[in-house]
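Asker: Sharing a structure, written as structure tokens. Questions coming.
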Ligand code: HEM
């Protein structure tokens, strides 16, 4: 027995439409960022505008879903995935604004990741029936009706956003490394040391929020399950992710690691993060398996 | 010669070994290895059953041992770095010679037109102050140095983060050593003793609140009174996400159950027994092995096409207690007791009339003690502060010296983390200083 909130067909239609438009715009932004990357420099600011519009439309979708649910859309893979994509776009747009227009190239690596997340929410469930991404409007079970849910989920979407950004910079580093100093990419991609700095900042940002997520999760578990740490797979995997980034931050800061070794650590961290989000829900079992 | 001063070289060597050992034990390399080890073991542990992993790995002496070793590493590292970091943060070396400045990684030499030290340094100070720096000027043997810093608290980030982790581990350990966890529960009017805690719990009322949508699991609230040696020490209402806390103890609502009130009447002599039956419980109906095994209580009973009973929702519209009649160890038939509808069952000792007269809600609790909670909480707050200082503040310092001979300014900067940013900042500062120079 689990309850659904009655939502009119029109409301569902508009909600889905805004999701679809936002997804299409994110993908369009990816296209323009990539075109920019491969030499059509003037398209950079256009790509940025498309991404901003995508973000706004996506915000409208989230507001609509909030209205339809009569609560914040923080529960289950579909809602969490959307919040997480939204936060990733927000953090990226913020860095773009802070760094002015110097690093549009990052967008060419970040938007494909956003597209990947959208594919997970839309295409993957069709290909793999075991992956069920329900869009139904579910009532909150009493255990989830807690103010800690909001703090916990808000922290985690920003943690994941930071790690996604760091991962985008890591891939850029690899591409830059391969491309060398000649060709189109040599001009459009920032220097490797700049990318490493970007990666470090994004990872540090993600690390702070990941820590807040773990702490608030523990506090919440302590008020609802009766203990703050149950060693369940989702908890363990967020801890593992946290360990990997801790190793990266230390290696870079105190051991002066640079280059491929740090890039590899950031990539491993992203895989661990992705597994915490996706893998634990479908491959491992635990009390957190509601997503 | 060694022989002439026996003992001394030996002692020195020992000291060396000890300090080498301490250096190794407090090293970041060891820390990284230990964290990676914990990560790898945890990955393997999550692939199996959670229960097994908890028993065989997370609670094993060796896993906890690695954690303790990591904590020792962190403690030694924190102790070793404590004074240097405090010194670096609060007593920075403000005076630097021109050659020391030119050895810094981020530096510039600005050639000025006018030969006026006071005016040049004044402009530098003004520019730095306008950029949010705390500026001071000190005079050493080689003349004046302008010293400027921003976000110096950021230097403390790692120290606070590490200390907070130690506090969290300490809190967890203290909580685990002094704590307990018991499960218990009951219906209104029940009492039970919490042995490890040395107190008694009386459940004075239990009530259920339906959600707007009756298919959603409702909330159950229970009023409890806690007594110790007959004296009341706490009372309150417990429900999901709203535990009752007192003196380091916590009573959590973990779930609820239905308890059915059933009257068993002998048809022959009218003898009555009133019993309260929990799901999955059993009642012996005679001495010959006739047993009623309770399956489940359904508040709003129905059956699907395959004849499997289920509850439409949580509304008590059609309460039914479902059970199995067992004779000599064999299930012989289903029994469905509807509210106030008697059901007659044949037993070796004659016919019995079973009647469901009502039902109640039982609250199930987890009762724990965790004295480490305040320590854990302060550790958690410190951790967030430490990480904020580490990653959101960008501590940096500049030293500026005037070189009389060449009418030049030596500017050098230091930042523990963001060298690139520092270079950009210095570039900006340079152009601002130069434009002031032209004024
Ligand atoms: C396990 C043993 C550990 C050792 C021996 C260790 C050692 C160190 C050292 C030597 C530094 C440089 C500090 C400085 O000079 O200011 C540092 C930085 C830092 N450590 Fe640790 N650490 C350990 C574990 C951790 C863990 C588990 C965390 C997770 C929160 C952590 C968080 C930090 C942070 C945030 C910094 C600053 C890093 C930066 O600015 O990039 N440390 N650590």
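Asker: Can you name the helices (runs of 4 or more DSSP H) wholly within region B:11-92 that have at least 2 residues being exposed (fewer than 12 other Cβ atoms within 10 Å of the Cβ) and either on the phi > 0 side of the Ramachandran plot or within 14 Å of the ligand (Cβ to nearest atom) (or both)? Step through it out loud before you land on a result.
Answerer: Values: elements: B:28-47, B:50-53, B:61-90.
Fully inside region B:11-92 and qualifying: B:61-90.
Asker: Still on this model: For residue B:388, work out the one condition from (1) more than 16 Å from the ligand (Cβ to nearest atom); (2) touching a residue at least 12 places away in the same chain (Cβ under 8 Å) it doesn't fulfil.
Answerer: Result: residue B:388 passes all but (1).
Asker: Going through region B:357-370 one residue at a time, which ones are facing chain A (nearest Cβ under 10 Å) and out of contact with any helix residue (DSSP H, G or I) (no Cβ under 6 Å at 6 or more places or on another chain)?
Answerer: Looking only at region B:357-370, we keep the residues that are facing chain A (nearest Cβ under 10 Å), and these are B:365-368, B:370.
Across region B:357-370, the qualifying residues are B:365, B:366, B:367, B:368.
Asker: Working only within region A:258-285, note down all residues that are over 22 Å from the mean Cα position of the chain (by Cα) and more than 10 Å from every other protein chain (Cβ to nearest Cβ).
Answerer: Filtering region A:258-285 down to residues over 22 Å from the mean Cα position of the chain (by Cα) leaves A:258-261, A:285.
Result: A:258, A:259, A:260, A:261.
Asker: Also, I was wondering about something else. What pairs come up if the first residue lies in region A:246-268 and is part of a loop (DSSP other than H, G, I, E, B), the second is more than 11 Å from the ligand (Cβ to nearest atom), and their beta carbons are under 7 Å apart, counting only those six or more places apart or on different chains?
Answerer: A:258/A:196
Asker: Kindly establish whether residue B:123 is in the same structural domain as residue B:414 (by TED's automatic domain parsing), more than 24 Å from residue B:389 (Cα to Cα), more than 21 Å from the chain's Cα centre (by Cα) and more than 16 Å from the ligand (Cβ to nearest atom). Show your work before the answer.
Answerer: Numbers: in the same structural domain as residue B:414 (by TED's automatic domain parsing): yes; more than 24 Å from residue B:389 (Cα to Cα): yes; more than 21 Å from the chain's Cα centre (by Cα): yes; more than 16 Å from the ligand (Cβ to nearest atom): yes.
So residue B:123 fits the description; yes.
Asker: Just the residues that are within 14 Å of chain B (Cβ to nearest Cβ) and either surrounded by fewer than 16 Cβ atoms within 10 Å (Cβ to Cβ) or within 19 Å of the chain's Cα centre (by Cα) (or both), please, taken from region A:6-46.
Answerer: Here is the first cut: in region A:6-46, the residues within 14 Å of chain B (Cβ to nearest Cβ) are A:6-7.
Within region A:6-46, just A:6 meets the criteria.
Asker: Evaluate region B:371-378: report whether one residue or more is within 14 Å of chain A (Cβ to nearest Cβ), within 25 Å of residue B:154 (Cβ to Cβ) and either within 46 Å of the chain's Cα centre (by Cα) or in contact (Cβ under 8 Å) with a residue 60 or more places away in the chain (or both). Show your work before the answer.
Answerer: Residues of region B:371-378 that are within 14 Å of chain A (Cβ to nearest Cβ), as a first pass: B:371-378.
Those left that are additionally within 25 Å of residue B:154 (Cβ to Cβ): B:377-378.
Checking which are either within 46 Å of the chain's Cα centre (by Cα) or in contact (Cβ under 8 Å) with a residue 60 or more places away in the chain (or both) leaves us with B:377-378.
Yes: one or more hits.
Asker: Looking for whichever is touching a residue at least 12 places away in the same chain (Cβ under 8 Å) and part of a helix (DSSP H, G or I) here; the options are B:185, B:175. Which one fits? Talk me through it step by step, then tell me what you get.
Answerer: Values: B:185 fails: part of a helix (DSSP H, G or I).
Within the list B:185, B:175, the selection yields B:175.
Asker: In region B:233-256, what residues are touching a strand residue (DSSP E or B) at 6+ places or on another chain (Cβ under 6 Å), surrounded by fewer than 21 Cβ atoms within 10 Å (Cβ to Cβ) and not in a loop (DSSP other than H, G, I, E, B)?
Answerer: Our first condition is that a residue be touching a strand residue (DSSP E or B) at 6+ places or on another chain (Cβ under 6 Å); within region B:233-256, this holds for B:233-240, B:243-244, B:246, B:248-256.
Checking the rest, the ones that are also surrounded by fewer than 21 Cβ atoms within 10 Å (Cβ to Cβ) come to B:233-237, B:239, B:246, B:248, B:254-255.
Of everything in region B:233-256, those that are touching a strand residue (DSSP E or B) at 6+ places or on another chain (Cβ under 6 Å), surrounded by fewer than 21 Cβ atoms within 10 Å (Cβ to Cβ) and not in a loop (DSSP other than H, G, I, E, B) turn out to be B:233, B:234, B:235, B:236, B:237, B:239, B:246, B:254, B:255.
Asker: Can you report the number of residues in region A:205-227 which are more than 18 Å from the chain's Cα centre (by Cα) and either in a helix (DSSP H, G or I) or more than 7 Å from every other protein chain (Cβ to nearest Cβ) (or both)?
Answerer: Our first condition is that a residue be more than 18 Å from the chain's Cα centre (by Cα); within region A:205-227, this holds for A:215-227.
From what is left, the residues that are either in a helix (DSSP H, G or I) or more than 7 Å from every other protein chain (Cβ to nearest Cβ) (or both) are A:215-225.
Adding up the residues that qualify gives 11.
Asker: Could I ask something else about it? For region B:313-355, which residues satisfy the criterion of being in contact (Cβ under 8 Å) with a residue 60 or more places away in the chain and under 46 Å from the mean Cα position of the chain (by Cα)?
Answerer: If the condition is that a residue be in contact (Cβ under 8 Å) with a residue 60 or more places away in the chain and under 46 Å from the mean Cα position of the chain (by Cα), then B:313, B:314, B:315, B:321 are the ones that fit.
Asker: Working only within region B:95-145, note down all residues that are over 20 Å from residue B:404 (Cα atoms) and buried (at least 16 other Cβ atoms within 10 Å of the Cβ).
Answerer: Once the filter is applied, which keeps residues that are over 20 Å from residue B:404 (Cα atoms) and buried (at least 16 other Cβ atoms within 10 Å of the Cβ), region B:95-145 yields B:104, B:106, B:127, B:128, B:133, B:135.
Asker: Quick one: in region B:401-438, which of the residues that are within 16 Å of the ligand (Cβ to nearest atom) and assigned to a loop (DSSP other than H, G, I, E, B) is nearest to residue B:125 (Cα to Cα)?
Answerer: Of the residues in region B:401-438, the ones within 16 Å of the ligand (Cβ to nearest atom) are B:414-422.
Those left that are additionally assigned to a loop (DSSP other than H, G, I, E, B): B:415-418.
Working: B:415: 19, B:416: 23, B:417: 24, B:418: 23 Å.
Of everything passing the filter in region B:401-438, B:415 is nearest to residue B:125 (Cα to Cα).
The values are calculated or read from the model by the stated rules, or taken from the named source; none is laboratory data. The structure presented is a predicted model; accordingly, all values stated were derived computationally and were not measured. When we count neighbours, we look across all protein chains shown, and the Cβ atoms used for this are built from the backbone with ideal geometry, even at glycine.
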